[in-house]
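Take a look at the structure below.
Since every read-out is calculated from the coordinates, none of them should be taken as a lab result. Just so you know, these numbers come straight off a predicted model, no measurement behind them. Cβ coordinates were reconstructed from backbone atoms using ideal geometry, including for glycine residues, and neighbour counts include every protein chain displayed.
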Amino acid sequence: MFAVADAAPDQAIRKTLDSLQLELPVESISPSPLNGLYEVKLKGGRVLYASADGQFVVQGYLFQVQNGKPVNLTEKTERLAISKTINAIPLSDMVVYPAVGETKSHITVFTDTTCPYCHKLHEEVGQLNKMGVEVRYMAFPRQGLGSPGDEQLQAVWCSKDRKSAMDRMVDGKDIKAAKCDNPVSKQYEIGQSIGVNGTPAIVLADGQVIPGYQPAAQVAKLAMGAK
């Protein structure tokens, strides 16, 4: 555990970051394991580093050699924060495909019904379920809010049976365009905050983000290793 930054470095770093007009707000500033370097956590989980006087800001990985092996400290911090962000979202706001039998692990997938590789992954959801992996969908209209994907995702999330609506939409079948208060725009913002910039994006239980399509067997292997 590291102490919160002293007032002077905290203020200097925040002043610099304010001038950079970052897209995401700063959640915390604290000393990093490297003397003189401060860790800046952004909303959603991403991490930057800054000097105590705020004159230098670094985006990248910080490694520490432990027992002769390099450990990616940045990745560890980001994964933990992303995991907390995703775990704070109620399952009732997702489209959930439960595991068949014992649930051995789960994945959270940012998806877009207009995305061909999302369709390909969806075709393998049944395989993942049979392997004990629960699949939880979150909405991420890849072309932005107001796009055709956004409209389709809202229709899915506003359906009484979201799973059936998702299946039909992916199969190219029409569903009733219902209107309701829905979490699509909020989930899109969450995806952006954790670094999602395309679909599908698979978030493992430990917060690791896997961009793009992966075959079911590979996804299951990754999911089991992250539980």
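Can you check how the C-alpha radius of gyration of segment 75-156 compares to 2.2 N^0.38 Å, as a plain ratio? Dividing the Cα Rg of segment 75-156 by 2.2 N^0.38 Å gives 1.18. Our helix-only sum for the chain, with -39,500 (n - 2.57) per DSSP H run of n ≥ 4 divided by its residues, gives a mean residue ellipticity at 222 nm of -10500 deg cm²/dmol. Beyond 21 Å, the tail of the calculated P(r) for segment 7-73 holds 23 percent of the Cα pairs. Between the entries [x] -0.81, -1.14; [y] -1.14, -1.30; [z] -0.71, -1.29, the label attached to log10 I(q)/I(0) by the Debye sum over Cα atoms at q = 0.13, 0.17 Å⁻¹ calculated for this structure is [x]. Roughly speaking, what is the centre-to-centre gap between segment 194-227 and segment 110-175 when only Cα atoms are used, to the nearest Å? Each part reduced to its Cα centre gives a spacing of 16 Å. Relative contact order, whole percent, for the chain stands at 19, derived from Cα pairs under 8 Å and 6 or more residues apart.
Dimensions of segment 92-226 based on its C-alpha atoms, expressed as ranges along the principal axes with the largest first, amount to 38, 29, 25 Å. Applying the criteria of a DSSP loop state and at most 10 other Cβ atoms within 10 Å to the chymotrypsin sites (Phe, Trp or Tyr not before Pro) of segment 1-103 yields F2.
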